1. Among the residues of segment B:1-24, what is the count of those that are assigned to a loop (DSSP other than H, G, I, E, B) and in contact (Cβ under 8 Å) with a residue 40 or more places away in the chain?
2. Determine whether segment A:86-102 contains at least one residue that is in a loop (DSSP other than H, G, I, E, B), modelled with pLDDT of 95 or more and within 21 Å of A:A10 (Cα to Cα).
3. When only residues in segment B:98-108 that are within 7 Å of chain A (Cβ to nearest Cβ) and outside any loop (DSSP other than H, G, I, E, B) count, which is modelled with the lowest pLDDT?
4. Can you tell me how many residues within segment B:91-113 are among the hydroxyl-bearing types (S, T, Y) and either without any contact (Cβ under 8 Å) to a residue 12 or more places away in the chain or in contact with an Asp or Glu (Cβ under 6 Å, 6 or more places away or on another chain) (or both)?
5. Listed residues A:A86, A:A91, A:A78; which is in contact with a Lys or Arg (Cβ under 6 Å, 6 or more places away or on another chain) and either farther than 24 Å from B:Y35 by Cβ or buried (at least 21 other Cβ atoms within 10 Å of the Cβ) (or both)?
6. Considering B:E44, B:E56, which residue is within 21 Å of A:L44 (Cα to Cα), among the charged types (D, E, K, R) and out of contact with any Pro (no Cβ under 9 Å at 6 or more places or on another chain)?
7. Kindly evaluate B:L27 against the criterion of being part of a strand (DSSP E or B) and either surrounded by fewer than 21 Cβ atoms within 10 Å (Cβ to Cβ) or in contact with a Ser or Thr (Cβ under 9 Å, 6 or more places away or on another chain) (or both).
8. Any residue in segment B:69-90 that is within 13 Å of chain A (Cβ to nearest Cβ), in contact (Cβ under 8 Å) with a residue 60 or more places away in the chain, in contact with a strand residue (DSSP E or B) (Cβ under 7 Å, 6 or more places away or on another chain) and within 26 Å of A:L49 (Cβ to Cβ)?
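The values are calculated or read from the model by the stated rules, or taken from the named source; none is laboratory data. All of these numbers come straight from a predicted model, not from anything done at the bench. A quick note on method: Cβ atoms are made from the backbone with ideal geometry, for glycine too, and the neighbour counts reach across all protein chains shown.
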Amino acid sequence: KQEVTQIPAALSVPEGENLVLNCSFTDSAIYNLQWFRQDPGKGLTSLLLIQSSQREQTSGRLNASLDKSSGRSTLYIAASQPGDSATYLCAVLPSGANSKLTFGKGITLSVRP
Amino acid sequence: ETGVTQTPRHLVMGMTNKKSLKCEQHLGHNAMYWYKQSAKKPLELMFVYNFKEQTENNSVPSRFSPECPNSSHLFLHLHTLQPEDSALYLCASSQGGGYYGYTFGSGTRLTVV
């Protein structure tokens, strides 16, 4: 059974810092990995989707990498801003028929002005 | 309108009431999902529909009744709920089982009193 872990559960950094959020998963047989952002009480916004054949994806100040063999993904946020404060969720889609997205518990990020 | 739209955004209902949550997607996706997110808990998958046919029910109590009249619309009918059912209910959609990623709505914040 696929398990997704995100540690630490919470992170506080000063504005302007470059930071890395980690995600690990137990089974490397995946179709893709997706990073989401969730603001308090709101829905999930997709940030980046990495297919299993890809190593990384970039969007603006965000860069996500995928290492299937080690079961790891990182979300790199450059020059963090207070507006980046949110919960970041990592989710993997296991390979196989009728597979469902498996989520980590998320990392709550606070960027201090 | 694009993306996944959920209504209402907020709902307060008594334990004897009957209400419905609505989800609509304008992405041409063939699969739709209901998730429940309780405070301090990870996302829980409730129901899955593919081409308007239910393909998964994750042991959800019968007081939650989903309906999918077509691939673009999904409802969650609620009746005789309990206070512990208070949560954020999220709708999502995907194409091809999620290989191209999931898109989530903004959620309905449900409070049962």
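1. Matching residues across segment B:1-24 total 7.
2. Among the residues of segment A:86-102, not one is in a loop (DSSP other than H, G, I, E, B), modelled with pLDDT of 95 or more and within 21 Å of A:A10 (Cα to Cα), which makes the answer no.
3. Looking at the filtered set, the residue picked out is B:G98.
4. So the count comes out to 2.
5. Being in contact with a Lys or Arg (Cβ under 6 Å, 6 or more places away or on another chain) and either farther than 24 Å from B:Y35 by Cβ or buried (at least 21 other Cβ atoms within 10 Å of the Cβ) (or both) holds for just one of A:A86, A:A91, A:A78, which is A:A78.
6. Unique residue meeting the criteria: B:E44.
7. So B:L27 does not fit the description; no.
8. Yes, some residue in segment B:69-90 is within 13 Å of chain A (Cβ to nearest Cβ), in contact (Cβ under 8 Å) with a residue 60 or more places away in the chain, in contact with a strand residue (DSSP E or B) (Cβ under 7 Å, 6 or more places away or on another chain) and within 26 Å of A:L49 (Cβ to Cβ).
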